[in-house]
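What follows is one structure encoded as structure tokens, with my remarks underneath.
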Amino acid sequence: MSHGKTSWVCLPCRVSYKQPYGPPQLRPCPRCAEPLRHVGTAFATPRRRDTEAWRVLGVLLHAGVHFHKSCCAGPGYRPRTLREVRERLAYARRTGEPVHRALVRYELPD
């Protein structure tokens, strides 16, 4: 029985690799040998030259946000711009909401 594939990324190289789904383990980047970061099965890789998207991805991953499917709907909202990230980080600081929750809010309350 196949479990499908999941995505792993190397933030310094700005590359993504699909690998068989399995328990998280240390996987080195084939380009630089740094550890790959597991991002999930519902990840869409940004273009390599899209530095803003890779910076946003770095913030999300460091906060513990991944891209897993939730039933049939995909991973849910994820910010795409640094502006959206800054707004959600400011909201988290202002309200005390955990950063990983604030980052996945589709809309911010007034």
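The values are calculated or read from the model by the stated rules, or taken from the named source; none is laboratory data. These numbers were taken from a predicted model, which means no experiment stands behind them. Note: areas computed on protein heavy atoms with side chains; ligands, DNA, RNA excluded. Shrake-Rupley method; radii C 1.70, N 1.55, O 1.52, S 1.80 Å.
Using a Gaussian network model of the chain with C-alpha springs under 10 Å, which one of ALA33, ALA42, ALA90 is most mobile by mean-square fluctuation?
Per the Cα network of the chain with a 10 Å cutoff, ALA33 tops the list.
Accessible area per residue for the chain in Å², computed with a 1.4 Å probe and the full protein assembly in place, what is it?
Counting only protein heavy atoms, the per-residue value for the chain is 66 Å².
In degrees between 0 and 90, to the nearest 10, how far off the longest principal axis of the chain does helix 82-95 point, with axes built from Cα atoms?
60 degrees
Under a GNM of the chain (C-alpha, springs under 10 Å), which listed residue has the highest mean-square fluctuation: THR45, THR95, THR81?
THR95
Could you calculate the contour length gain from ARG101 to LEU82, that is, 0.36 nm times the residue separation minus the distance between their Cα atoms, to one decimal place in nm?
Using 0.36 nm per residue and subtracting the Cα-Cα distance, I get 5.2 nm.
What residues have an amide H closer than 5 Å to that of VAL39, excluding those fewer than 5 places away on the same chain, when H is modeled at 1.01 Å from N in the peptide plane?
Sorted by chain and number, the residues that satisfy this are SER7, TRP8, VAL9.
Of the residues PRO35, PRO46, PRO20, which exhibits the maximal mean-square fluctuation in a Gaussian network model of the chain defined by a 10 Å Cα contact cut-off?
Result: PRO20 has the largest fluctuation of those listed.
So how tilted is helix 51-62 from the main axis of the chain? Cα-based, degrees 0 to 90, rounded to 10.
Around 90 degrees separate the two axes.
For the chain, what is the per residue volume of the convex hull drawn over the alpha-carbon atoms, in cubic angstrom?
Output value, Cα hull per residue: 116 Å³.
For the chain, give the percent of accessible area contributed by carbon and sulfur heavy atoms, probe 1.4 Å, rounded to a whole number.
Ligands and nucleic acids excluded, carbon and sulfur reach 52 percent.
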